[in-house]
Structure formats: C-alpha cells, structure tokens
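The values are calculated or read from the model by the stated rules, or taken from the named source; none is laboratory data. Source: prediction; values computed, not measured. Don't worry about glycine lacking a Cβ; one is built from the backbone with ideal geometry, like all the others, and counts go over all protein chains shown.
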C-alpha cells in the first residue's frame, strides 16, 4: 500500500522560440522558452511531473536548484493526501539553509514550486482525478492545512480562510457541472507580440474573435507612437465589444506608466498589466490612482507576502497568479484565498511552455470551491508548444475545457524532452551545426 | 595598457560553524557559513575576488548561478573606471533571459552581486586604493552613472542624487582624515546568539563593553519568557548607557511582533531588527506604528525597489544594507542615495563570512561622500572567520579602522579556500569520516 519515491530525474529543456519572435515583448526580445523539469518516480511505477518555466539562459541554474531538493523527496512515502502535500511544501520552504537563498523568492523558490507541483501531479494521479477536481474535493479544513499563514495573519487568518471555503460549499457540484459543460473563459495573447508586423497583428486579432475569444492582449512599452497605432488597429479590427488588455512587462517607472496609459486610454484598454517592477507595491498603487485603466500584475510576483500587500494597498484590479513562479499549488491556494478575501478577481498568467496546462486547474478550483465565480475572470491562452504535452489544453470557442485526465496536465512527451534537452539534444546540436556553418 | 579578464574561477566554500551554534537565531538554528566565491584573473596577473554569502545547503546553486555569468566577463577588458563598472553591472542585471530568474532577487541577483563586487575589487586594486577611497574619489557625475534609476524615479531622480552628492563634497577630505584617525563606529552581535547559555551571554556582553563597544545585539524570537530574561540580564550587565538592539530574524507576523516588542520595551531595546518578512513593507510600517521600539531591516531585502518602498512607507528607522545580497557596489550606491534622500541612517548588516570585510567600505564611503555623517550609524561586527582573509577587518575600541590595502578586502587566503572547499576539501572529508565512525 505505502509506496516510496525512489526516482528524481531533472531535465534542462529548451525550445528555440527566439527564432520566430514568438513571445517577444518590451523586456524580453528573444526568449527561448525553457523548462527546468523534474520527474518523481515511485516504487509502484507512478510518476509526478513538475517544472519551472524560464526563457533560456540560466535554466541550468534552476535545474541545479531542483537538484538541491532531491534529498527531501527521495525515500519519502509517495504523497497522496492534503497532509502529505502540506508536509512536503512546509519542509521545502522552511528549510533554514535553503531559505537563505530567497527567502521565498527567485530560483530556489521556483524550484520548490516545481517539486511541490510534481507531488500534486503524483497525488492527483493516485486519486484518479485532475488536480482541479482533486482540490475541489478536499474539505475546507484540508484546504486550509495546505496554506502557510506565516506573514499573512494581518490580512487573512485560518478562520477567515475556513469561512471563505465554507461559504463556497453550497453550489460546488452545480458549478463543477457547469464547468464541465461550458469550460472556463480564456483570452488570447497570440496576436499581440511586439515583434509582429501590423498586418499579422490585425489578422490574428480578427482570427481570435472568429475563434470565440472575447478578450485579446497586446504587448506595449517599446515605443509610444507604435503602441498608439497598434492599439488603434486592434480596436478597429475587433470592434468595441471585445476587451483588449495591454501588457508592458515591467517596462516603466510610475510617471511613465501614467503618461503612457493616458495616451492609450481613448482606445479603452481593459487592463494594464505589469506596468512597473513586480516588487513595487506602492508604485502599482500610484499607477492605479494616476490613470483611468485598471491594473493587473502577478506573473513575476515572488510570493504570497507580496500578493498580500498588493491587495492591502489597493494596488491591483486583477491578481495574475502563475502556476510555476511561487512554491506550487500550496502557495497558490493561499493567493486565491487572499484574492477572495479582498474580492479581487484572479486572471492567471499563462503561455510560455506548459503554464496553460498547469494554471487552468487553479482557476477551475477557484471557480468551484473558493471565489465561486467566473465573472470578470479569464485565463490567458497562448497557442505555443502545447503539442509537447501528453494532456494538452483544449480550447473550444474561447474557453478552456475542463481537464478530465488524472494529474496536473504537466507531462511533457518523452520525445519532446529528449529532442529539446540542452545542450545535447538533437534540436540544439543541429542549431549549433547551423551556426558553425553560417559563421 | 588594456588588459583582459581571462580567468573566472568559482569555488563552493563552507565552514562547519553549526558545530558551535555560532550564528544560531530564531530562524536559523544551525548555519554552516558559506561562500560561493569567484576569482577574476586578468592578462597582467591582477585579480578580483567576490562572493555570495549563504548558510550551507544550496551554496552549490549559488555557485552555478555565478558560473552562468562567466560568458559576460571572460574576454572583457579589465574594468578600471566608473564607466566600466556601470557597463558590467547593467549588462548582468538587464540580461532579459537571466532577469526572468528573479527579476533582481534571489540566487541570480546575489550571483550578479558577487561578480560586480569582484570587478570592484579588481578596479580598486588597479587604482591602488581601498574601495571606500576609490568610490569617495569619484565625481558626483561618475557616482550617479553607477546607479540604475529604473523603478526609482518616483522617489529619487538622477538630478536629486547629484544634488545629494554635490552637497557632500565640502568636507570630504576632512571626514576622510577623521575616519583614518578614529575609525567608524561598530556594534557587536557576538554575545547574543540564541544558542548561548545565559552565563555566556552576560560574560560576552560585559566583555563587549570592556572592549569599547557602545552597542550590542541580542537574537530574540524563540520564546518570549526567555527573551525577557535574556534582555533583562543583558541590560543589567551593560548598564543604561549601552544600546542593546534585538533581532528577530523574520520570526513574527505583525501582531506578534507588536506584542513581543511591547514586552521587551521596558528594557529599552535600541531597535527591533527583521521583525517580519523582508518582503513585507506594509507589515514593517504597521509594526513601527504599533509599538515604541525603532525598526530596522535590510539584510534580506532583495533589491533597491524594496528599499525604496520601505523608505516611502516610513517603515524603517534604520536601513541595513548587506554587501552581498543585492547586485554589488552599484546597487548599494543606489540604496545609500535613497537613504540619504529620506534622511534615514544606514547601519549595515555584517557577520557571516567576509561580510564585515566588504561592507565597511560602503559605510565609510557613505560617511565621506554621501550622508556625510556617522551619527546614529554603526556597522555590525561579529568576531567569526576573519582569520581566513588576507586583509581582515581591524576593530579598535569598538570601531572599524579604515582599510588601507587596495581593493575590497574580499580575498580569502588560498589555504582557507582549499581546506573548506565543499564537498572535497579536507575539512569536509574529515567531517564525513567522523560521521561514518560515529554512525
């Protein structure tokens, strides 16, 4: 009955996405979407997969950080319950020596997230449920036990979290049924990369509407005149009823953000995402107060303590969780509860490689068992690299279909891992050969 | 004339300090003081040394992060000027792919700091000056050019920074002369580790006063009754005129910090250090407002953007820079300027391994060329591991003597590096042998 984790494989996987300018924005001109990837294996042959998302160089550092967590996992009973998953999360994030490397931020924290998420993939697999259903089936007491309330109690106590979860119990089954029937609302960033020509932007924006999306997103922050022109083109292409979010990827200081968004405001942007440093709580609050467009951030927010303050300071209109930046499902449950406490909708960041696959589970859990609502909520969708996953996301008429396969939808295909392993996989060997010939 | 950096050596160095409970506090019960250490070597045989400080496990992750910076340094002209040092700092911290791993926080940011500091050691060595003097000899324009004002302009503009530095120009030579003559005020943490018995605490506190220190520090946050007893013993040991700071090492939530400090307040603590998460700007502000003791933090503050907000929010009475947590001298110049703008004294964190050696230069530069004052300012001093450095700090009558050797005082002795290399140095091999025999 009791199985043990005996295998812990770490892979450095990179996709040469910079060749196409997919994913190009004002701060990240040439990302190579990458994953520091971990596979847990148990004595009965079960597997748990998890990863950190990075954009290329330094992925090996994140892989080294995951490797540093091996002794905490190998030899451990295979996690199956909320108690097991809480124990692992607390052990990884409270280890005093490793904590010094953050604390609770950056490479070491992302690595903890990869391992925690792999454990959730494993446990949900044992339960025979997708993670969103596995989470939604836990009791309020079990869910609260997953959360580290350290540094949160001035904004959210365990009792308040219990009350939120208990209030959401009526209607859980009905909402789960609606979710299975209709899917969860999505928006698409595919039209809006900075590296795309205007004609490509317009064509992809129109295609997005034809595909059933009610929201698209444009990258901004490179050049104001270009942004005004692109925003105007996009607004004309999609008409007045489709929401257009804009995303500056941390490009601005406070005054610049206010000035820039005042110039884009006539085209009615739905939100301005990452106007400035993700660490700048007071800066986000000043930007929100200084111009008319709603403010969103979160994909680079390091941990629950910073999210807490963004909410306390009234700095954001939308909380953008990321599945692989904080310490996994456990910390994201805390952030969902904080957002519910403050009544702020959660609209996750996704894209990259595998982030859509993971984060859909968290929004669906939020809908069924935490906030109980999908009003004003959308999950980002980017149409890249899904073909490398065993259970890729399914988008129908602009909505994420609820996953049915057991686990976290995190598993990359073995062939994709082998081909994109860095630096020795065939994709990278071929690229080096091409570079040698052309140089 | 123009030399090139050709060598880039990375070492994982660890000291088994957990054996003595030196360095034990409420969050870090058993640190093994460690350094991920880098040596730059140039074509003319010059060297630059720098390091990240960690407390044991995971030091290899930080070493891997330093290694990731090799391509940015090797082949580069040896840095000598403010312009060279600014270029290196901006390149390391603005690389879009590496930036994703923070941004500007955690392992990758600390690694950038190690390399930037090594470059300062090298450049000051070429100039034949200790870093404090090398910095103090730069023009206000050169100093401003070192700073990344991104995300700072709502609190500090380049023009404001120039004005601060120009205002400090008169009296620079006179202050440098006073510094050389008298040294810079220090305080000692040596009596106060949580793992020490009461009698050892009292004896070391009395010794500190006899040695000329006017401030000591106690670790708190393990158990309130113990802390009240230890604080009372320390106050009786040193009398009413010696300042006693207390340090909770991030142990508390807001309400707990307020309650705990109210209980310690009768013994007149000089400051409460790290009462809660270093990310919790609003939490520090609430703690400062909620109890009578002054608030200090900074050793784990990730970057200049968080320091900016601590100052904007009125959250701290003392700014505790750390020489090796942020991205090196350049980012610390920004933080010194921010503190000067807000009129808040800088009292650096030190201790660990080599942190005293580095940070003394920054406080001395602050005194001579930025704030122009040492009132209310003290540098932490801990009497550990200095014997491993070529130019160890010199403490006379409770003050740091101004370093005179060229460079950053960063160089560990070759024998110390070899003996403490992990996992294969003789100190660690011997420890493993002992463990095998006793198990």
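With respect to the conditions (1) within 14 Å of chain A (Cβ to nearest Cβ); (2) farther than 28 Å from residue B:252 by Cα; (3) crowded, with 18+ Cβ neighbours inside 10 Å; (4) in contact with a strand residue (DSSP E or B) (Cβ under 6 Å, 6 or more places away or on another chain), residue B:34 lacks only one, and its number is (2).
With respect to the conditions (1) within 14 Å of chain A (Cβ to nearest Cβ); (2) modelled with pLDDT of 95 or more; (3) in contact with a strand residue (DSSP E or B) (Cβ under 8 Å, 6 or more places away or on another chain), residue B:194 falls short on a single one, namely (2).
Residues in the range A:212-222 that are surrounded by fewer than 24 Cβ atoms within 10 Å (Cβ to Cβ) and modelled with pLDDT of 95 or more: A:212, A:214, A:215. The residues of the range B:95-122 that are within 18 Å of residue B:358 (Cα to Cα), within 11 Å of another protein chain (Cβ to nearest Cβ) and either free of Cβ contacts under 8 Å to residues at least 60 places away in the same chain or in contact with a strand residue (DSSP E or B) (Cβ under 6 Å, 6 or more places away or on another chain) (or both) amount to a single one, B:110. In the condition set (1) at the interface with chain B (Cβ under 9 Å from one of its Cβ atoms); (2) surrounded by fewer than 20 Cβ atoms within 10 Å (Cβ to Cβ), residue A:2 is compliant with all but (1). For the range A:357-376, a residue qualifies if it is touching a residue at least 40 places away in the same chain (Cβ under 8 Å) and either within 14 Å of the chain's Cα centre (by Cα) or closer than 26 Å to residue A:33 by Cβ (or both), and the qualifying residues are A:357, A:358, A:360, A:361, A:362, A:363, A:364, A:365.
If we keep just the residues of the range B:333-345 that are touching a residue at least 24 places away in the same chain (Cβ under 8 Å) and either at positive phi or surrounded by fewer than 23 Cβ atoms within 10 Å (Cβ to Cβ) (or both), which is nearest to the other protein chains (Cβ to nearest Cβ)? Walk me through it before giving the result.
To start, the set of residues in the range B:333-345 that are touching a residue at least 24 places away in the same chain (Cβ under 8 Å) comprises B:333-342, B:344-345.
So of that shortlist, the ones also either at positive phi or surrounded by fewer than 23 Cβ atoms within 10 Å (Cβ to Cβ) (or both) come out as B:341-342, B:344-345.
On the way: B:341: 15, B:342: 13, B:344: 16, B:345: 22 Å.
Checking each candidate, the answer is B:342.
Got at least one residue in the range B:385-396 being more than 22 Å from residue B:116 (Cβ to Cβ), in contact with a strand residue (DSSP E or B) (Cβ under 8 Å, 6 or more places away or on another chain) and in a loop (DSSP other than H, G, I, E, B)? Within the range B:385-396, one or more residues are more than 22 Å from residue B:116 (Cβ to Cβ), in contact with a strand residue (DSSP E or B) (Cβ under 8 Å, 6 or more places away or on another chain) and in a loop (DSSP other than H, G, I, E, B). Considering the conditions (1) within 14 Å of chain A (Cβ to nearest Cβ); (2) surrounded by 19 or more Cβ atoms within 10 Å (Cβ to Cβ), residue B:134 is excluded by exactly one of them, (1). Residue-level check: of (1) crowded, with 22+ Cβ neighbours inside 10 Å; (2) within 20 Å of residue B:323 (Cα to Cα); (3) in contact (Cβ under 8 Å) with a residue 24 or more places away in the chain, residue B:82 misses just (1).
Residues in the range A:235-260 that are touching a helix residue (DSSP H, G or I) at 6+ places or on another chain (Cβ under 8 Å) and under 24 Å from residue A:375 (Cβ atoms): A:235, A:238, A:239, A:242, A:244, A:246. When residue A:94 is tested against (1) out of contact with any helix residue (DSSP H, G or I) (no Cβ under 8 Å at 6 or more places or on another chain); (2) at positive phi, just one condition goes unmet, and that condition is (2). For the range B:54-66, a residue qualifies if it is under 14 Å from residue B:98 (Cβ atoms) and more than 7 Å from chain A (Cβ to nearest Cβ), and exactly one does: B:66.
If you check B:40, B:92, B:69 for being more than 14 Å from every other protein chain (Cβ to nearest Cβ), in contact (Cβ under 8 Å) with a residue 24 or more places away in the chain and surrounded by 24 or more Cβ atoms within 10 Å (Cβ to Cβ), only one passes: B:40.
Only one residue in A:112, A:127, A:118 is surrounded by fewer than 24 Cβ atoms within 10 Å (Cβ to Cβ) and at pLDDT 95 or above. Which one? Step through it out loud before you land on a result.
On the way: A:112 fails: surrounded by fewer than 24 Cβ atoms within 10 Å (Cβ to Cβ); A:118 fails: surrounded by fewer than 24 Cβ atoms within 10 Å (Cβ to Cβ).
Among A:112, A:127, A:118, only A:127 is surrounded by fewer than 24 Cβ atoms within 10 Å (Cβ to Cβ) and at pLDDT 95 or above.
Among the conditions (1) surrounded by fewer than 23 Cβ atoms within 10 Å (Cβ to Cβ); (2) more than 14 Å from chain B (Cβ to nearest Cβ); (3) closer than 16 Å to residue A:304 by Cα, residue A:161 misses just one, which is (1).
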